[in-house]
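Accompanying notes for the structure given below.
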Amino acid sequence: MTGKALVTGASGFLGRALVPALLASGASVIAAGRGQSPFAAHPRLAWRRIDLADPAAPLREITSGVDCIYHLAWSTVPSEASLSPAEDARANIVGSLRIIESIAPGAAPRLIFASSGGAIYGRLRQAPASEDHPLNPISAYGLSKRTVEAYLDLFADTIGLRPASLRIGNLFGPGQNPERLFGAVTQFSKAALTGAPIILFGDGSTVRDYVYIDDAVDALIRAAQAQNSSRALNIGSGEGRSLNDIIACLEAQLGRPVKVERRPPRPFDTPLSILDPSRARREIGWSARVSFEDGVARTLKSLADAAT
């Protein structure tokens with residue numbers, strides 16, 4: 001894309017992959033995060049250290065004049081959100097509202113929100129789930145994502161905001177932090193490489209729709225370019241992989257068994273999440289291109305290289 005983009009949560013896994021892709025496409029980028037910039041200096045990149053939930057944060061300064069806002073900032077993962085729902089709501093729902101409210105009257109940037117393809121639907125009535133599936137999250141994390149989507153719909157109808165909520169499946173790939181307790185493929189890969197036991201909650205039958213990081217970045221950019229897509233788009237492979245499948249894939253690629261430490265299931269984990277990506281294919285021309293096995297191989301290589 002060309003023009004000027006704002007990326008919130010730019011120091012996170014998805015943001016650190018998106019910002020270089022936007023720069024490579026010719027865009028000027030304001031990247032915002034709560035810490036120091038993870039990016040090398042670039043003439044079309046400006047870093048802003050900002051906490052979205054801070055009432056004093058100069059948000060009008062970073063939203064002014066942008067053509068697209070990629071709202072990726074999210075301070076919790078499902079396990080953290082369930083421990084403190086009030087803090088999750090303060091940081092993420094209120095922070096998202098501050099970004100929306102900072103948009104100047106009359107401005108109508110495209111706003112791409114990184115929603116959740118798993119937690120927002122809750123227990124599936126049918127799989128794969130289309131965007132019309134009921135939204136019944138069973139976790140604070142999913143409820144917060146659903147709430148922000150609802151606010152985006154409200155502001156689309158009242159101030160002309162042009163949002164698209166991308167309900168992204170379980171992200172994985174090089175650059176994901178295995179210490180964050182989020183991202184089974186990356187966590188399992190790190191444990192398998194180091195000989196540590198894989199921590200498995202439940203019997204391993206939990207199924208998720210895994211999306212490689214490069215495919216997710218492609219979806220974000222395509223959604224920004226498609227100015228009139230639906231307000232909600234599933235970004236998934238349309239295929240489910242269980243936790244046991246991940247372990248089997250790692251054993252096949254490493255050529256040896258891995259250690260597994262079993263623990264009780266967690267109440268906020270839905271048993272099945274598979275997304276129907278056909279709307280994204282029709283409306284923004286997106287489909288997953290990196291196979292699960294290839295993505296796991298790239299993740300293993302990245303972790304192994306980082307350890308040497």
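None of the figures in this text is laboratory data; all of them are computed from the coordinates on show. Here the structure is a predicted model, which is why all the values come from computation and not from measurement. For neighbour counting, all protein chains shown are included, and Cβ atoms are generated from backbone atoms with ideal geometry for every residue, glycine included.
Could you work out the relative contact order of the chain, using alpha carbon pairs under 8 angstrom and six or more residues apart, expressed as a whole percent?
On the way: 623 pairs, mean separation 54.8, N = 308.
Here the relative contact order equals 18 percent.
Here are some values of Kirkwood radius over Cα pairs in Å: [x] 21.9; [y] 19.7; [z] 22.7. Which one was computed from this structure?
Label [y] holds the value from this structure.
If the cut-off is 16 Å between C-alpha atoms, which lysines fall inside it for Lys190, apart from same-chain ones fewer than 8 positions away?
Within the straight-line cut-off, Lys190 pairs with Lys259, Lys301.
Scan around Phe201 for amide H atoms under 5 Å from its own, H built in the peptide plane at 1.01 Å from N, and keep only partners 5 or more places away or cross-chain.
Here Arg263 satisfy the definition.
Would you work out which of Gln36, Pro109, Tyr121 lies farthest towards the positive end of the dipole of the chain, given +1 charges on the beta-carbon of Lys and Arg and -1 on that of Asp and Glu, about the Cα centre?
About the Cα centre, the residue reaching furthest to the positive side is Gln36.
By how many degrees, between 0 and 90 and to the nearest 10, does the Cα long axis of helix 184-194 differ from the longest principal axis of the chain?
Between helix and principal axis, roughly 50 degrees.
Where does helix 213-225 land angle-wise versus the long Cα axis of the chain, in degrees 0 to 90, nearest 10?
Here the helix axis deviates by roughly 20 degrees.
What residue among Ser189, Ser139, Ser205 has the largest mean-square fluctuation in a Gaussian network model of the chain, using Cα springs under 10 Å?
Its mean-square fluctuation being the largest, the pick is Ser205.
Running a GNM on the chain with Cα contacts under 10 Å, which residue among Gln227, Gln253, Gln187 ends up with the highest mean-square fluctuation?
Gln253
Build a GNM of the chain with springs between Cα atoms under 10 Å: which of Thr76, Thr194, Thr206 gets the top mean-square fluctuation?
Looking only at Thr76, Thr194, Thr206, the largest GNM fluctuation is found for Thr194.
Lys and Arg at +1, Asp and Glu at -1: add these up for the other residues within a Cβ distance under 14 Å of Leu59 and post the number. Intermediate values should be presented prior to the final figure.
Numbers: positive: Arg34, Arg48, Arg49, Arg60, Arg98; negative: Asp51, Asp54, Glu61, Glu101.
Around Leu59, the surrounding residues sum to +1.
Calculate one ³J(HN,Hα) per residue across segment 102-108 by plugging θ = phi - 60° into the Karplus curve 6.51 cos²θ - 1.76 cosθ + 1.60, and present them in order as whole Hz with x for glycine and proline.
Taking θ as phi minus 60°, the curve returns 7, 5, 4, x, x, 7, 9 Hz for segment 102-108.
So for Lys190, Lys259, Lys301, fewest C-beta neighbours within 10 Å to most, what's the order?
Details: Lys190 22, Lys259 10, Lys301 13.
Ordered from fewest to most neighbouring Cβ atoms within 10 Å, Lys190, Lys259, Lys301 come out as Lys259, Lys301, Lys190.
How would Ile69, Ile103 line up from fewest to most surrounding beta-carbon atoms within 10 angstrom? Show your work: numbers first, answer last.
Numbers: Ile69 26, Ile103 21.
Fewest-to-most Cβ neighbours within 10 Å comes out as Ile103, Ile69.
Trypsin sites (Lys or Arg not before Pro), restricted to segment 122-172: which are DSSP loop and have at most 12 other Cβ atoms within 10 Å? Don't jump to the answer; show the numbers that get you there.
On the way: sites: Arg123, Arg125, Lys145, Arg146, Arg167; in loops: Arg123, Arg125.
Listed in order of number, the matching sites are Arg123, Arg125.
Taking the Cα centre of segment 1-98 as origin, work out the dipole magnitude from +1 charges on Lys and Arg Cβ and -1 charges on Asp and Glu Cβ, in debye rounded to 20. Each step should come with its number before you reach the end.
Numbers: 9 positive and 7 negative charges, 63 e Å.
That gives segment 1-98 a dipole magnitude of about 300 debye.
In degrees between 0 and 90, to the nearest 10, how far off the longest principal axis of the chain does helix 292-307 point, with axes built from Cα atoms?
90
Between segment 53-92 and segment 255-308, what is the C-alpha centre distance in whole Å?
First find each Cα centre; the distance between them is then 25 Å.
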